[in-house]
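Below is one structure, written out as structure tokens; the observations come after it.
The values are calculated or read from the model by the stated rules, or taken from the named source; none is laboratory data. All figures in this text were calculated on a predicted structure; none of them were measured in a lab. Backbone-built Cβ (ideal geometry, glycine too); neighbour counts: all protein chains shown. These accessible areas exclude ligands, DNA and RNA; they are computed on the full protein's heavy atoms, side chains included. Shrake-Rupley method; radii C 1.70, N 1.55, O 1.52, S 1.80 Å.
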Amino acid sequence: MLLASMQSIARFIQDHPYLAFYTILALFFLLVLGELRHAVEKRTLQRAWRQSVPPQSAAPLQPNAAPIPPAPPRKGSVSSTLAAVLGVGALLYVVPLLLQQQGQTVAGPIQSVLTSGTYRGEAAGALGNGEVVLSLNTQTVPPQAVLQTPLGSYSFEGQVTPESSGVFLSGELVGQSGVNWGKINAHITPMQVTGSVGRGPAQWALDLRR
């Protein structure tokens with residue numbers, strides 16, 4: 001169950017790297033705001049404690065009374081914030097990377113044969129939807145892939161990584177005129193293609209079938 005969950009996280013990060021980056025930034029700002037809030041509360045409590053304590057000269061002498069030490073200040077707030085951010089980054093990047101490498105050792109050449117073919121479906125995004133066709137041939141060196149969209153055809157330039165359930169495409173889409181159209185991150189199984197194409201906020205989610 002844990003392995004399946006981490007693989008799902010790894011797949012989500014590969015498909016949506018910008019969203020993962022923005023999530024880490026949001027967590028970082030939340031941690032910083034929490035530390036600032038704690039510092040303000042601590043300063044307020046210290047100020048109230050100082051105002052409530054009478055001057056030492058006016059206080060009655062109590063030789064047998066043990067002095068009450070003030071509460072020790074909280075240390076390591078900045079280090080704890082950095083540790084939390086690094087922990088979140090490790091959870092979102094390092095562990096999925098290790099799981100991806102583990103999946104590469106499980107995958108075999110049979111998966112590459114099964115994932116070669118033509119997939120048809122829809123690319124959905126905030127800027128509109130459209131029918132697309134992905135033609136893939138993982139038997140060539142280097143592997144070849146062409147994405148046909150309503151805007152034209154684009155060739156794939158990048159890496160094809162074996163996975164336990166198929167292959168993973170990660171690279172650039174280049175048009176016939178040599179113009180870079182964007183990136184593609186797609187998980188390809190013998191029957192389905194899921195992932196994303198585009199660049200930055202202009203991205204489309206792929207849902208293709210053989």
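Brief remarks follow.
- Verdict on Ala202 being small (Gly, Ala, Ser), within 19 Å of the chain's Cα centre (by Cα), open to solvent by less than 50 Å² (accessible area, probe 1.4 Å) and modelled with pLDDT of 90 or more: no
- Residue within segment 147-155 that is free of Cβ contacts under 8 Å to residues at least 60 places away in the same chain, part of a strand (DSSP E or B) and open to solvent by 50 Å² or more (accessible area, probe 1.4 Å) present: yes
- Boolean, Gln159 is touching a residue at least 40 places away in the same chain (Cβ under 8 Å), open to solvent by 20 Å² or more (accessible area, probe 1.4 Å) and over 17 Å from Thr118 (Cβ atoms): no
- Every residue from segment 169-194 that is open to solvent by 10 Å² or more (accessible area, probe 1.4 Å) and either touching a residue at least 60 places away in the same chain (Cβ under 8 Å) or out of contact with any Gly (no Cβ under 8 Å at 6 or more places or on another chain) (or both): Ser170, Val174, Ser177, Gly178, Val179, Asn180, Asn185, Thr189, Pro190, Met191, Gln192, Thr194
- Filtered residues of segment 117-140 (kept if outside any strand (DSSP E or B) and loosely packed, with under 13 Cβ neighbours inside 10 Å): Ala126, Leu127, Gln139, Thr140
- Remark: pairs (first residue in segment 37-53, surrounded by 10 or more Cβ atoms within 10 Å (Cβ to Cβ); second residue part of a helix (DSSP H, G or I); Cβ separation under 8 Å; 6+ apart in sequence or on different chains) = His38/Ser77; Ala39/Ser77.
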